[in-house]
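Worksheet: one structure, shown below.
Since every read-out is calculated from the coordinates, none of them should be taken as a lab result. Keep in mind that what you see is a predicted model, and the values were worked out from it rather than measured. Every residue, glycine as well, gets a Cβ built from its backbone with ideal geometry; the counts of neighbours run over all protein chains shown.
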Amino acid sequence: MSEDSPFDLIPSDAIADGRATDAYFERTVEALDHAGKNPHVVAEVTADQFPDGEFEVLAGVKDAAHLLEGLPVDVDALPEGTLFDGGPVLTIEGKYRDFARYETSLLGFLSHASGVATNALRARRAAPDSQVFSFGARHVHPSIAAMVERSALVGNLDGISHVAAGEVIGREASGTMPHALIICFGRGEQEAAWRAFDEAVDADVPRIALCDTYSDEKDEVLRAVDELGDALDSIRLDTTGSRRGDFEHIVREVRWELDAHDREDVGIFVSGGLGPDDLWELRDYVEGFGVGGYVSNADPVDFALDLVERDGEPCAKRGKLSGRKEVYRTADGAHSIGLAKRSAPDGAEALLDPLIRDGEIVREFDLDDAASHALADADRVGFE
Ligand SMILES: O=P(O)(O)OC[C@H]1C[C@H](OP(=O)(O)OP(=O)(O)O)[C@H](O)[C@@H]1O
Ligand SMILES: [Zn+2]
């Protein structure tokens, strides 16, 4: 527990000053210092050595830039939102001891955010015309909620649920209503709960009634229609796994009943254990999805930081590729890598751009730009 927080959290200043590091980097700096060594190196952050057609989305670049800001290094990186499938996503050049201890946080910032953004884009691409919201903050440590929500937006989700994360990243959090609200009124009192929500909550918050707490979804939906009338915007089905059965049939039946009761205007939101396959299956019948764990619990991308040049000489360890590299998008939209000192393939676009020059950040970070970049790349490579 740090001196000013009741929670076991790494304070920001520990990240900024390099204490948020693995101990062996401190030993390394001590040993190099003792030996009077501080070679000028090129280090690359890479997940796959060779492009493999398995694309992931790069996120976390803004935090990575602020981590390395002020160090006597030059850094290049792919733009945030770029889809990559091999080669470096970020390259650092400078004296090794000047940035050695930052490796742990640098990889942590990029790995976790990129994993979340990648699954968010998979969910996006599974229901391109639907509303898809990030509902998964409850699954993760609260200290990373802003990273999760920002990365979900880089992956093109439409909204987030975490209020404090929204304040950090400058986005309004939204949501519907939890089962707890209904349960506080009790069995048979769903109408009173929906009415209290409608009477109490700000008029510009959509009236989305949760209709699966105590009885059959169709029954509760028709009761919400009767209770809220024109005030009802949508209903949410979050049917618990033990009752879910043929969820597509339930959703289609509810859609049918709403239309049969002349309420084509009432949308259906669904949530609960949803992944891309579910979004594919349900997207023609629902207005939107709340996706939680599939996005928030995404596996981090397995990035590593490797020294590839020492004092101008190629030097990678076994299994890694020596020499400073460039990542290219070739004319056919594929990706290729080459030694930076060689000329680019004909018609290819070099993707690594300056991020830091002599310790100063030389790039703006715009969340919407990153999201549109990811979507354009996804179209280009046929990402699913
Ligand atoms: O992580 P996922 O499985 O995709 O679920 C995300 C949804 C489902 C969950 O339902 P409940 O656990 O019933 O929570 P609540 O009653 O608060 O809606 C809650 O609504 C989350 O927002
Ligand atoms: Zn619930």
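Numbers below:
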| read-out | value |
| --- | --- |
| Computed log₁₀ I(q)/I(0) - Debye formula, equal Cα scatterers, no solvent, segment 175-296, q 0.15, 0.23 Å⁻¹ | -0.64, -1.48 |
| Relative frequency of Cα-Cα separations exceeding 20 Å in segment 1-148, percent | 57 percent |
| Fluctuation leader among GLY36, GLY159, GLY175 - the chain, Gaussian network, Cα springs under 10 angstrom | GLY36 |
| Sorted by Cβ neighbour density within 10 Å, fewest at the top, the residues ASP265, ASP48, ASP238 | ASP265, ASP48, ASP238 |
| Over the chain, relative contact order from alpha-carbon pairs under 8 Å, at least 6 apart, % | 24 percent |
| Share antiparallel - DSSP beta bridges, segment 191-319, percent rounded to 5 | 15 percent |
| Low-density loop positions, GluC sites (Glu not before Pro), segment 100-185 - DSSP coil, at most 12 other Cβ in 10 Å | GLU172 |
| Over segment 175-296, relative contact order from alpha-carbon pairs under 8 Å, at least 6 apart, % | 21 percent |
| Inter-site label distance for GLU313 and ARG27 at 7 Å from Cα along Cβ, in nm | 2.6 nm |
| Under the span-like rule (Cα at least 18 Å along the axis, Kyte-Doolittle mean at least -1.0), DSSP H helices of the chain | 103-126, 247-260, 367-381 |
| Segment 299-373, relative contact order [Cα under 8 Å, separation at least 6], % | 17 percent |
| Per-pair calculated FRET efficiency, R0 = 30 Å: ASP368 and HIS139 via Cβ, rounded to 0.05 | 0.70 |
| Lys, Arg +1 and Asp, Glu -1 on Cβ, resulting dipole of the chain about Cα centre, debye, nearest 20 | 1440 debye |
| Residue order, fewest to most surrounding Cβ atoms within 10 angstrom, among CYS184, CYS211 | CYS184, CYS211 |
| Principal axis dimensions, largest first and in whole angstrom, of the chain by Cα | 78, 55, 34 |
| Per-residue Cβ neighbour rank within 10 angstrom, fewest leading, ILE235, ILE208 | ILE208, ILE235 |
| Loop-located GluC sites (Glu not before Pro) in segment 225-271 whose Cβ has at most 12 other Cβ within 10 Å (DSSP) | GLU264 |
| Filtered chymotrypsin sites (Phe, Trp or Tyr not before Pro), segment 1-100: DSSP coil and at most 12 other beta carbons within 10 Å | PHE7 |
| Descending semi-axes in Å of segment 105-235, equivalent ellipsoid built from Cα gyration tensor | 33, 15, 13 |
| Mean shadow area of segment 325-376 over all directions, Cα convex hull, nm² | 4.7 nm² |
| Within segment 129-143, backbone nitrogen closer than 18 Å to the virtual label 7 Å beyond the Cα of SER174 toward Cβ | 129-137 |
| Förster-model FRET efficiency, 25 Å R0, LEU181 and ASP246, C-beta, rounded to 0.05 | 0.40 |
| Interchain or long-range residues, amide H under 5 Å from LEU9's placed H | SER2 |
| Kirkwood-based Rg to Rh ratio, segment 140-182, C-alpha trace | 1.01 |
